[in-house]
Amino acid sequence: MKTILIIGNGMVSYKFCEKLVASGKSDHFKIIVFGEEPRRAYDRVHLSEFYAGKSADDLSLSSSEWYVENKIELHTSELVTEINRAQKTIQTHRGQQFSYDYLVLATGSSAFVPPIEGVEKEGVFVYRTIEDLEAIATYAKKIQLAGKSSATVLGGGLLGLEAANAVKELGLDAHVVEFAPRLMPRQLDQGGSDMLQETIEKLGLQIHLSKQTSFIQGTNAIEGLQYVDGSELKTDMLVISAGIRPRDELAKECGLETGLRGGVIVDHTMKTSDNDIYAIGEVALYNNMIYGLVAPGYEMADIAVSQILGESDKVMSEAIDMSTQLKLIGTEVASFGDALYEGEDADAIVYENKRKGIYKRINVSKDGTLLLGGILVGDSSDYNALFQLYNTAMKLPEDPEDLILGNRSGDGSSLLGNVLDLPEDAQICSCENVNKGSICSSIENGSCQNLGDVIDLTRAGTGCGGCKPMVKDLVEATLKSLGKEVKDTICEHFEYNRQELYSLIKVKNYRSFDTIIDAIGQGDGCETCKPLVASILASLYADTANEEVVIQDSNDRFLANIQRNGTYSVVPRIAAGEITPEKLIVLGEIGKKYNLYTKITGGQRIDFFGARLDQLPMIWKELIAHGFESGHAYGKSLRTVKSCVGSTWCRYGMDESVSFAIELEERYKGLRSPHKLKGGVSGCIRECAEARGKDFGVIAVEGGWNLYVCGNGGATPKHALLLAEQIDNATVISYLDRFLMFYIRTAAPLERTAKWLDKLEGGIDYLKQVVVEDSLGIALELEEEMKTLVNNFQCEWKQAVEDEEMMKRFKHFVNSDDKDDNLVFVPLRDQKMPQHWQ
């Protein structure tokens, strides 16, 4: 058995092991990995999530069992100090010696620290490892206790901006200093940089461009930066993120060929100048370049494995794709191909929308047939399609500007056409080097049956995740081409649609997300399945959004709708729009006290805008003390039941619409569902409550009420359809209980009732059979389920303000009670509004 020693335990090292295991031939080798850090390989791409609450274990790429199961010997906290090429051995700092047949250098890189005077001072850090982040967090607490709050990041590239967001999350005033005249100078042009700068400055980061630091001020600890141009910036902490340097010291000492500026020289097989030593990742100098992205490193790992296994025809690509798609400080940014091309043989087409913070640029060949590259800031939803057009050199549409302006033909067709028209070698997942042919053939040859199978087999989408929409489209298109049913599964973590998952959770009586995913799912879940499971648990057990905060979407997490400037709205319930003068005065006093923009909504209630996150509990304490409850304006739940004044005051009114609307709103308040729900009650057919534009509407007629269902307003308005006529109040409630529970049980995620009815085989006639005629024999069951939810209702804001632990999440910063001082408002008709984007 031959021995493979791997020096380095980062993402690329782990990928090498994973590829070797996946080959099915790892049993032929003894595999030993050495890492300096005290933990298993972890996801450095998402390192900033450490400050968002993720632990080192959460970021880990594997479990300790994985190494044992695959017979890989992992040595953590063990530094390799010497390579003896003649004897084919390595030595560690513990004095241990190991022999190898193949040696793989995956030592990665270290942070480049510019030779600036004073860089050794206390308070100067690099941003590279979990230990770096822990040290930064500790120092942040120290300076905050001393009343200081300024932190500066040196470097305005990808990692620098991530670091800036991280220190901001620690409650510090973040500055970014960049030597170049623009942010992300390798990926963005001036227009893209300007848009990104404007966007992130509105979030509180301060950007300083074209600044070269001459020395770091301070006696023992940093106090500021002195620039070459004579200006200065006072700061209490510095995080350096100015690039990387390959960790090639071992290679140099043992005589391997290295580049003039560092890096172990490798050929297209990833071999170094020694036939038995390979180098992969950021330590490898390939084509005279060090590649700092994970995707090229993964490809290098794949090539090295293939070469060691004797697959000599598999070699590294000549051209390395450096396309990037990511979210920086909440802003989508992407670049691909020759993004900065300025030659005369190409035209740049630019779209800029400052109001929405969007900048798009594509570079098109002079004859308009080829896409050469592009930049997307603020909206990268077109990235996958644009990348495929560029990467496969597909012919462009007649009007290439449509690629960034959208298809204006009105036929709704995709600019990319059918995804199956892509060539077989079109690269879909650059992180895992997976092409279209691999994805489609896995379905066609029966190896995979669905999206989850494909991801498990190919690993497509498991890196940055940007290609997931394209992978899903390819899987569904291939299944359809084979005449197979395309199952509308939730995501790769659950092989069920929403209706199936709802039934399983109910039958098994599962009560938490972890229990559910461990029992019937896989992986850790995602932003698609977590809120969906939260909604189902709420629909089954009346759980509030306080039960499992981490699986809620953003608005439910903070029990409020976030607005465009980062503030929140406050909407107390005013059932059917009826309110006493005393309560109206209370609302006025609260709005005045907190200086909130105040507006009456279309749902007949009052909406406060402009509340800071830390103000929400104080505002709600006062509201609850005066008898108000949450209006659930933030949730996929019942919003309002609108009413006219009905027979109480109106001379045309045929029944008491206000009382009935209040009864319905009180009954269904807090009811979680696949999408939001709205109701209406009109006292006569004049329809002042617009009941037929709601998910359920009740209209008084001679002899009772007519009940309508499945209407909505919005972009595609639709009148509700008649479900039953001339029925009394009790029957209306009975039918509504059945209708709503049937909808909650069977609708797809984020499917309004109108769309759900459109897809329901048999339409309104079938719905009448289920709800009115009880054709399925489940009417009593549906009513009992609704009764349980009604009886277990809790106001989640009341629940939150009475629990100190729950209150902790309503803070702007993780470890500080400081408020967000970066909000800017301007006057608007005796009130206020957020400052317009410049």
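Using a 1.4 angstrom probe with every protein chain in place, what is the largest-first accessible-area order of Lys168, Lys472?
Reading off the accessible areas and sorting them downward yields Lys472, Lys168.
Quick query: amide H of Lys234 versus all other amide H atoms, modeled in the peptide plane; which residues come in under 5 Å with a sequence gap of 5 or more or a different chain?
Amide H neighbours of Lys234, under 5 Å, 5+ apart: Leu225.
For Ile265, what is the net charge nearby, where nearby means another residue's Cβ is under 13 Å from its Cβ and Lys, Arg count +1, Asp, Glu -1?
Net charge around Ile265: -1.
Could you list the trypsin sites (Lys or Arg not before Pro) in segment 680-714 that lie in coil according to DSSP, counting only those with at most 11 other Cβ atoms within 10 Å of their Cβ?
Answer by residue number: there is no such site.
Counting only protein chains, not ligands or nucleic acids, how are Met237, Met807 ordered by accessible area (probe 1.4 Å), most first?
Met807, Met237
Compute the signed sum of charges (Lys and Arg +1, Asp and Glu -1) over the other residues within less than 12 Å, Cβ to Cβ, of Gln769.
-2
Check each of the GluC sites (Glu not before Pro) in segment 667-723 and keep only those in coil by DSSP with at most 14 other C-beta atoms within 10 angstrom; list them in order.
Glu702
Could you please tell me the mean projected area of the C-alpha convex hull for segment 460-500, averaged over all directions and given in square nanometres to one decimal?
That works out to 3.2 nm², a quarter of the Cα hull's surface.
Shape of segment 427-548 from its Cα gyration tensor (a ≥ b ≥ c, root eigenvalues): rounded if a/c is under 1.5, otherwise prolate when a/b > b/c, or oblate?
Because a/c hits 1.5 or more and a/b exceeds b/c, segment 427-548 counts as prolate.
Show that you can apply the helix-only estimate: for the chain, add -39,500 (n - 2.57) for every DSSP H stretch of four or more residues, divide by all residues, and state [θ] at 222 nm to the nearest 500.
Roughly -9000 deg cm²/dmol at 222 nm, from the helical runs in the chain.
Excluding residues on the same chain fewer than 8 positions from Lys121, give the lysines whose Cα lies under 24 Å from its Cα.
Cα-Cα hits under 24 Å: Lys141, Lys142, Lys148, Lys168, Lys211, Lys234.
Among the GluC sites (Glu not before Pro) within segment 301-341, which fall in a DSSP loop and have no more than 11 other Cβ atoms within 10 Å of their own Cβ?
Glu318
Sort Leu225, Leu260, Leu74 by accessible area with a 1.4 Å probe, largest first.
I get Leu260, Leu74, Leu225, largest accessible area first.
Less than 13 Å Cβ to Cβ from Lys71, Lys/Arg counted +1 and Asp/Glu -1: what total charge do the surrounding residues give?
With Lys, Arg at +1 and Asp, Glu at -1, the neighbours total -2.
Straight-line reach from Lys15: which lysines have a Cα under 19 Å away, not including same-chain ones fewer than 8 places off?
Lys25, Lys30, Lys71, Lys271, Lys314
Keeping all protein chains in the complex and leaving out DNA, RNA and ligands, what accessible area do you get for Val486 with a 1.4 Å probe, in Å² to the nearest 10?
Accessible area of Val486: about 40 Å².
At 1.4 Å probe size, with no ligands or nucleic acids counted, give the accessible surface of Thr528 in Å², nearest ten.
Accessible surface of Thr528 is approximately 80 Å².
Rule-of-thumb check for the chain: C-alpha Rg over 2.2 N^0.38 Å?
1.07
The values are calculated or read from the model by the stated rules, or taken from the named source; none is laboratory data. Model, not experiment: these values are computed from the prediction. Virtual Cβ from ideal backbone geometry, glycine too; neighbours counted across all protein chains shown. Ligands, DNA and RNA are excluded from the accessible area calculation, which covers all protein heavy atoms including side chains. Shrake-Rupley method; radii C 1.70, N 1.55, O 1.52, S 1.80 Å.
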